1. Can you find, within the range 86-128, the residue that is surrounded by the fewest Cβ atoms within 10 Å (Cβ to Cβ) among those that are among the polar types (S, T, N, Q) and not in a helix (DSSP H, G or I)?
2. Quick check on I47: is it open to solvent by less than 20 Å² (accessible area, probe 1.4 Å), touching a residue at least 24 places away in the same chain (Cβ under 8 Å), at negative phi and touching a Ser or Thr at 6+ places or on another chain (Cβ under 8 Å)?
3. Identify the single condition in (1) of a type outside the set (F, W, Y); (2) open to solvent by 10 Å² or more (accessible area, probe 1.4 Å); (3) closer than 21 Å to Y241 by Cα; (4) under 23 Å from the mean Cα position of the chain (by Cα) that T409 does not satisfy, given that it satisfies every other one.
4. Only one residue in E330, E349 is charged (D, E, K, R) and touching an Asp or Glu at 6+ places or on another chain (Cβ under 9 Å), so which one is that?
5. Quick one: count up the residues across the range 409-433 that are touching a helix residue (DSSP H, G or I) at 6+ places or on another chain (Cβ under 8 Å) and more than 23 Å from I228 (Cα to Cα).
6. Can you tell me which residue is surrounded by the fewest Cβ atoms within 10 Å (Cβ to Cβ) among those in the range 298-320 that are of a type in the set (A, V, I, L, M, F, W, C) and not in a helix (DSSP H, G or I)?
7. Which of the residues belonging to the range 253-292 are at pLDDT below 95 and of a type in the set (G, A, S)?
8. Could you check the range 217-244 and list, in sequence order, the residues that are over 25 Å from V337 (Cα atoms) and open to solvent by 90 Å² or more (accessible area, probe 1.4 Å)?
Amino acid sequence: MTKTIQLNESRGKWLILSHAFNMDGRAASQTITDKIPFLIQQGITPIVVSAQTGTKDIFIEHHQVPAIAPSGLKFDMRHILRKYLRNPLSFKIVRGLFSLVLLPFYLLERTFIHLESQWSWFVMAYIKGAAMIRKHNPTIIYSTGGANSAHLAGFLLARRYHIPWIAELHDPMIHGEWRNSRMAYGWAKYLEQKICKHASAAWWFTEMALARASERNPDLGSKGHMIIPGVAAPDFQDAVYRKRERLHFAHCGSLAETRNLAVFIEALHGVLEKNPQYGNKVQIDIYSSKLDSVSREVLARFPLPGIVVEHGRLETDLTTGKSGRQQVLEAMRRSDVLLLLHGGDPFCEEYIPSKLFEYLWAKRPILGLIWRNAQLENILNERKHTVVNALDVADLQNKLLEIFNTWETSELPDNIKSNPFTVEDAVSKIVALTDNLTTQKESKRHGQH
């Protein structure tokens, strides 16, 4: 939860629309939740409308509203139950009963509507947002992804109430390697056009994402920006790195068919075949996820017995009180090498994994498997981390052997040049973009009288 001290209200109130606000361990949550204390320091009073999936914030005004479509209700309920039902069996039973009740309506929705699960959240976000505008008269409407529906709510509210609207896009909304339905592509394209034409300012997290959105939407013009989000300095508590009996590679975050461990598994298998003395001296720790299907298939062909450990999604430890995110942060800090998986398709040219920003704070060596993203390569190279082409098994084997040799002869010390990106810097850039918007609005208003 966001713990803050309100300093002043010199920049007024901002209505923030974020589906994933205050969801433990979720990148789309972290990007906005970490900004709240710094927005307040800048004289902004945040009023947040989010889904019911996160924790209700008790330090700021925070309203949680549901989706209205069955797919959204299923998504919300899964995360809500995880918050309250720690027993796996109870979770499965209650979730199953809820899904059974929704099944006829869910099938009806999926017959006609092929969109992301959160598409319908904009309805209640708009209704609650309108009520907050009437009550608080905010100076800015700020919509932020993951869920694209937040941007639709932002657009509709800005159009109705004539309030400056700013939009933060986590990932490119559309791209060349589209794998979802044509309806979902049309929906995303429509929303991107609305953002580029009607938002007072919009920003993407990579230079290439901004460039391609600008090519598709000339209306964006000078309103488009690139702002790297960073994360607030994590609390690693007393976790420190010490060399252990095994060399620990850690991957923290989600895995999928498009972002998997296949190349790493094949490369490590090759290294161990030629250097069997390392076979009992290495471990791959998988946090916050299970192995994806592609990684499992490759692991069957290139077995690494006893090396891959799937820790999965960590829930709050009832003994220590540490959240899942806190446990992963401490594991990050203790690891020898942090694996940054980028993927291997054209989407990667416009995308930087959000986990990078926590990795940089951890100051442990990063091994980045990067595909055609000069900006990301520069970030890692400038900070003396290791970059490998995401599809180059031979080069990765050479880099792994170098890591093994360094670890065995000495250790892998902290990277003092890691130089993380700060949330404070990102917020300062956002505030600089918005400072003249309210002035312009007031000038127009006075000009009409």
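The values are calculated or read from the model by the stated rules, or taken from the named source; none is laboratory data. Remember, it's a predicted structure, so these values are computed and weren't measured experimentally. Here the Cβ positions follow ideal geometry from the backbone for every residue, glycine too, while neighbour counts run over all protein chains shown. The accessibility values were calculated without ligands, DNA or RNA, using every heavy atom of the protein model including side chains. Shrake-Rupley method; radii C 1.70, N 1.55, O 1.52, S 1.80 Å.
1. Quick first cut of the range 86-128, residues among the polar types (S, T, N, Q) only: 87, 90, 99, 111, 117-118, 120.
Then keep just the ones that are not in a helix (DSSP H, G or I); that gives 87, 117-118, 120.
On the way: N87: 9, S117: 19, Q118: 22, S120: 21.
Step by step, filter the range 86-128, then rank; the result is N87.
2. no
3. It is condition (4) that T409 fails.
4. E330
5. 1
6. Filtering first and then ranking leaves L318.
7. Residues satisfying the conditions are G253, S254, A256, G279, S288, S289.
8. Once the filter is applied, which keeps residues that are over 25 Å from V337 (Cα atoms) and open to solvent by 90 Å² or more (accessible area, probe 1.4 Å), the range 217-244 yields P218, D219, S222.
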